[in-house]
Amino acid sequence: MKVAIDKQGRIVIPKEVRDKYGLSENDRFELIVREGAIELIPLKEGDPADYLLREPCTIGSPEAHDKAFSRGRAWKR
């Protein structure tokens with residue numbers, strides 16, 4: 001999915017993504033910059049993503065970590 005940045009630096013999250021994850025106009029996000037990637041983590045009260053997914057795991061293999069702690073699994077409730 002491709003998106004663009006406007007002159008004010010804004011990015012529009014497509015409606016189908018907002019609907020899928022229950023995002024609305026007043027939701028806030030944490031922006032995480034990693035080598036080669038920019039991530040937006042929705043900050044919802046009581047959401048495990050607020051504290052579990054902020055920093056990458058530094059122990060074990062990245063493949064094992066991704067399998068156990070995928071962001072996709074964090075959204076399944």
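The values are calculated or read from the model by the stated rules, or taken from the named source; none is laboratory data. Please read these numbers as outputs of a predicted model, since none were measured by experiment. Quick reminder, even Gly has a Cβ in these numbers, built from the backbone with ideal geometry, and neighbours come from all protein chains shown.
Entry remark, segment 30-45: residues being closer than 20 Å to R18 by Cβ and not in a strand (DSSP E or B) number 2 in total. Residue count for segment 20-38 satisfying the condition of being surrounded by 10 or more Cβ atoms within 10 Å (Cβ to Cβ) and acidic (D, E): 2. For R18, the test of being outside any helix (DSSP H, G or I) and either of a type outside the set (D, E) or modelled with pLDDT under 90 (or both) is failed.
Specify which of the listed residues (A74, A64) is surrounded by 10 or more Cβ atoms within 10 Å (Cβ to Cβ), touching a helix residue (DSSP H, G or I) at 6+ places or on another chain (Cβ under 9 Å) and modelled with pLDDT under 90. If you could, list the steps in order and put the result at the bottom.
Numbers: A64 fails: touching a helix residue (DSSP H, G or I) at 6+ places or on another chain (Cβ under 9 Å).
Every option except A74 fails the conditions.
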